[in-house]
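Only one structure is covered here, and it is reproduced in the block below.
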Amino acid sequence: SARHPVSLCCVPAVHQGSGSREEQTLIASEEIKAGTTLLQEPAMVFMLKPQLIATKCSVCWKNKGSKPFGRCSKCKVPRYCSRECQLSDWKTKQHSQECSIIKNLMDSHPSSEGLFSHPNLMQALLLATRIIITKQLKKTEDLIHHRAQLSPEFDSFLVEASRLLLTKIPSSLRPEIRDEQEIVNLLCRLQCNVFNILDDEMVAVGVGLYCKAAKINHSCVPNSACSFDATGKNITIRSIQDISKGEDISISYIERMQPSASRRADLSSSFYFLCECNGCKSPQKLDRMMEGYKCRDSECNGFYRIRNHLPHPCDVCGNLEPSFKAYQTLLSNVTEWKKQIELLENFGASEFHLDRLEVLENAFHTSLASAQLMTALEISKEKVKIISALLPQHWPLLAITHGIIGALQSELRLLPDAKDSLLKALRISNISLPSSHSSITRWNLELQNVFSHLKNTQESE
């Protein structure tokens, strides 16, 4: 179930297992304590998500402010918040070498049609260009590419893209490339080995290739977690629980808060394997929590689920909920979040249901946008109950959520509560995040301010 077996040890406490290529895994050589850094690795190549290029600086990844971004005058792709960032990008030779290639690609196929209509192909072509012109192709050859699992149509699509890229890169910049098949294989490797780079709020803002990290196995109940620095240049993988000697090191390749059927579908379509981890072999309890609605038969303790917007029969009595469409219509006509939650509860949704989380997430952003901080705090407290039930106790998102609660409480001068929430965020992040992570720095500063205000309050009394 891995992208590829691990071929390099990351820390002395792990080693590569034996067997065929697909059977080799990263294994703990001795007991590993929670909070151990297993790997820190710079990206071979990385970039902003294409859909964010217009709103973030391509070098420092800062959001666009009131001052308009400048952009490359030739290829029109990267944006820069300052002259310093533009010069930095050019001086590192990254953009100076790729600029004309990108321009030729864009001129050949406008982003709204042809090859670039595929959602991930533009980023794969740009990453492949950087790998080729920096002469790092050989370093990617031990990554699995799953080309044999591609549909004939998609394989033909990648061949066409590879031919295009081959014509746009000058021969002097591609001495390692013998034919288009090598580019096809590289694009396949990028499709199933790149990581989504997450920002401080665990939102995907970029993509990067980290060759050692890409070889670590997947599990839907992982014992380790990934985090990134502010510009995605480095990945850190830390153990989030004690790991026994002989146990596989595992991370999650996908969003964890989704039912087993959705997780398996994501893994199959992106990484070409059927997940057989413990979370997928015995998923009933967690799936019920995330997507189950209590059977309307008062004598039945079963649940039915809704998939592809259609209800499935109760998993105990087999009855089908008859009023689902009426419920959907009613829910869509209600805008106040507390009433939406009440409807979900009346219809039998679990208190940890993903529909409930979606309602809370939307309401949270609405309340923040309108500066309703007390409402945002109330919603965040409801959110953290769901996240705590569905995720491991040291998962980074849980730390982020407690940090948000602490910041809101601090702003509202609920200082004792703010102290408790920020300390919770730090306790979790001290396990799952490196000490250099910007969130830890921010929470420590916020906690210092809280302590200072508490001290001043006590002295004034």
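Which of the residues spanning segment 129-159 are part of a loop (DSSP other than H, G, I, E, B), surrounded by 17 or more Cβ atoms within 10 Å (Cβ to Cβ) and over 26 Å from the mean Cα position of the chain (by Cα)? Listed by number, the list is empty, since nothing qualifies. Looking only at segment 169-195, residues that are touching a residue at least 24 places away in the same chain (Cβ under 8 Å), among the acidic types (Asp, Glu) and not in a helix (DSSP H, G or I) come to 1 in all. Exactly one residue among Gly406, Gly348 is open to solvent by less than 70 Å² (accessible area, probe 1.4 Å) and more than 29 Å from the chain's Cα centre (by Cα), and that residue is Gly348.
Check segment 27-36 and report whether any residue there is modelled with pLDDT of 85 or more, within 28 Å of Asn120 (Cα to Cα) and in a loop (DSSP other than H, G, I, E, B). Scanning segment 27-36, I find no residue that is modelled with pLDDT of 85 or more, within 28 Å of Asn120 (Cα to Cα) and in a loop (DSSP other than H, G, I, E, B), so the answer is no. Could you list, in sequence order, all residues of segment 263-314 that are farther than 21 Å from Ala389 by Cα and either aromatic (Phe, Trp, Tyr) or crowded, with 20+ Cβ neighbours inside 10 Å (or both)? Leu267, Phe271, Tyr272, Phe273, Cys275, Cys295, Cys314 - these are the residues of segment 263-314 that are farther than 21 Å from Ala389 by Cα and either aromatic (Phe, Trp, Tyr) or crowded, with 20+ Cβ neighbours inside 10 Å (or both). Checked against (1) in a helix (DSSP H, G or I); (2) without any contact (Cβ under 8 Å) to a residue 40 or more places away in the chain, Ser435 passes all but a single condition, namely (1). Filtering segment 242-256 to residues that are among the β-branched types (Val, Ile, Thr) and touching a residue at least 40 places away in the same chain (Cβ under 8 Å) leaves Ile243, Ile249.
If you filter segment 66-90 down to residues that are closer than 23 Å to Leu127 by Cα, more than 28 Å from the chain's Cα centre (by Cα) and not in a loop (DSSP other than H, G, I, E, B), you find that the one that is modelled with the lowest pLDDT is Trp90. Listed conditions (1) open to solvent by 50 Å² or more (accessible area, probe 1.4 Å); (2) at pLDDT below 85; (3) more than 30 Å from Ile237 (Cα to Cα); (4) not basic (Lys, Arg) are all met by His109, apart from (1).
When Val45 is tested against the conditions (1) touching a Ser or Thr at 6+ places or on another chain (Cβ under 7 Å); (2) among the hydrophobic types (A, V, I, L, M, F, W, C); (3) within 16 Å of Thr231 (Cα to Cα), the lone failure is (1).
Looking only at segment 64-81, residues that are surrounded by 12 or more Cβ atoms within 10 Å (Cβ to Cβ) and free of Cβ contacts under 8 Å to residues at least 12 places away in the same chain come to 1 in all. Among the residues of segment 169-184, the one identified as open to solvent by 40 Å² or more (accessible area, probe 1.4 Å) and under 14 Å from His145 (Cβ atoms) is Gln181.
Yes or no, residue by residue, for (1) closer than 30 Å to Ser410 by Cβ; (2) of a type in the set (Val, Ile, Thr); (3) modelled with pLDDT under 85:
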{"position": "Pro283", "(1), (2), (3)": "no, no, yes"}
{"position": "Phe324", "(1), (2), (3)": "no, no, yes"}
{"position": "Asp355", "(1), (2), (3)": "no, no, no"}
{"position": "Ser370", "(1), (2), (3)": "yes, no, no"}
{"position": "Ala376", "(1), (2), (3)": "yes, no, no"}
{"position": "Lys383", "(1), (2), (3)": "yes, no, no"}
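The values are calculated or read from the model by the stated rules, or taken from the named source; none is laboratory data. Keep in mind the model is a prediction, meaning the values are calculated, not measured. Note: ideal-geometry Cβ built from the backbone for every residue, glycine included; neighbour counts use all protein chains shown. The accessibility values were calculated without ligands, DNA or RNA, using every heavy atom of the protein model including side chains. Shrake-Rupley method; radii C 1.70, N 1.55, O 1.52, S 1.80 Å.
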